[in-house]
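Here the structure comes first, spelled out in structure tokens, and everything after it is commentary.
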Ligand SMILES: *Cc1c(COP(=O)(O)O)cnc(C)c1O
């Protein structure tokens, strides 16, 4: 089936009791058992919940995977993922990953004896160079936030295969609509479903997707054993949202392309960073592994005062963290999402005080362009 058909139907069927077209919210902590050892496969809400199962099957199908394992947040999903390694193991990560990922790995998991190296994975050879005897897992994010640097997923997966490493891609920025890392040989995809998958800025959620039976078994075990599960209502909200993922992503993409092209070479900003522009150094790679370019744009304004003025003067864009919702957001990575990264590190990536990040929503693009343009003209 095509993506939109799967988005609306996969994992769902009319409710057998009433024929309800929409999967009900099974808001229950426990289930009646007919007699000792005899039940319908549902014993306790942490272990089994039908609304959650419907969501897991739905998103797994969209990611071209067999198994989905849902969590209460993207970071809860990453925490469960870290149970695939143990004390003494080494993990390689893309530098410039989502700040919360860096914090979880470096400031929490490191205390459990896991070693981390952060490398520029935009060149797959750097992954190979970082491999040690005890390396077990490679965690990639592509494109990165907010510099929108890409990693060649196919090349990275090949390196991981060669060294028998578990390969993981954080696919939050592209959503399953524009990029499917499993089809390039990646073992596990992680999403913060808080972002594009839910898309309405009203749920925190995360999900892991894999085709690997052993990895699935372990992650399913940990989902129940550690218990970072999402509520049935949150699962239902996300399931409602994936039905419109295709149309939302088309519009995010269309609006972002229009904005990037409008300001590129306009003289109003120093540089527009967007994988959909020919000027993006990895534009060809973007065309190869993505089916669209997404809704995230970074603008190097070139002057901190003008950047601050823009952030203050916008009326349609909302100043705020997060991304991927139907409403447009604007942020200042240097002082917001990346405040905890040392200045020297930030400079290395090109993350300056005058860099502004846009999460382009699905409003009328003329209003979005006018909003930014007004803020830039001082
Ligand atoms: C938001 C985000 C996360 C963390 O997800 P939460 O749902 O906020 O826990 C991980 N990776 C990326 C790329 C994100 O944008």
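The values are calculated or read from the model by the stated rules, or taken from the named source; none is laboratory data. What you see is a predicted model; the values in this text were computed from it and never measured. Every residue, glycine as well, gets a Cβ built from its backbone with ideal geometry; the counts of neighbours run over all protein chains shown.
Worth pointing out:
- Remark: residue 119 matches the filter, which requires a residue to be surrounded by fewer than 21 Cβ atoms within 10 Å (Cβ to Cβ) and under 29 Å from residue 271 (Cβ atoms).
- The range 243-266, residues that are at pLDDT 95 or above and farther than 21 Å from residue 328 by Cβ: 243
- Looking only at residues in the range 1-44 that are free of Cβ contacts under 8 Å to residues at least 12 places away in the same chain, in a loop (DSSP other than H, G, I, E, B) and surrounded by 10 or more Cβ atoms within 10 Å (Cβ to Cβ), the one that is farthest from the chain's Cα centre (by Cα) is 33.
- Any helices (runs of 4 or more DSSP H) falling wholly within the range 259-372 and containing at least 1 residues that are crowded, with 21+ Cβ neighbours inside 10 Å: 283-289, 304-313
- Condition check for residue 189: surrounded by fewer than 24 Cβ atoms within 10 Å (Cβ to Cβ) and within 15 Å of the ligand (Cβ to nearest atom): no
- The range 256-292, residues that are touching a residue at least 40 places away in the same chain (Cβ under 8 Å) and within 22 Å of residue 321 (Cβ to Cβ): 256, 259, 269, 273, 274, 275
- Pairs, first closer than 14 Å to residue 253 by Cα in the range 169-196, second assigned to a strand (DSSP E or B) and near the ligand (Cβ under 7 Å from one of its atoms), C-beta under 9 Å, six or more apart: 173/141
- Scanning the range 92-127 for residues that are out of contact with any strand residue (DSSP E or B) (no Cβ under 7 Å at 6 or more places or on another chain), within 22 Å of residue 148 (Cβ to Cβ) and more than 14 Å from the ligand (Cβ to nearest atom) yields a total of 5.
- Considering only residues in the range 192-214 that are touching a strand residue (DSSP E or B) at 6+ places or on another chain (Cβ under 6 Å) and under 19 Å from residue 84 (Cβ atoms), the one that is nearest to the ligand (Cβ to nearest atom) turns out to be 192.
- Residue 58 vs. criteria on the phi > 0 side of the Ramachandran plot and either in a helix (DSSP H, G or I) or within 16 Å of the ligand (Cβ to nearest atom) (or both): no
- Once the range 71-91 is narrowed to residues that are within 9 Å of the ligand (Cβ to nearest atom) and surrounded by 20 or more Cβ atoms within 10 Å (Cβ to Cβ), the residue that is nearest to the chain's Cα centre (by Cα) is 74.
- When each of 238, 259 is tested for being assigned by TED's automatic domain parsing to the domain that holds residue 23 and in contact with a helix residue (DSSP H, G or I) (Cβ under 8 Å, 6 or more places away or on another chain), the lone residue that passes is 238.
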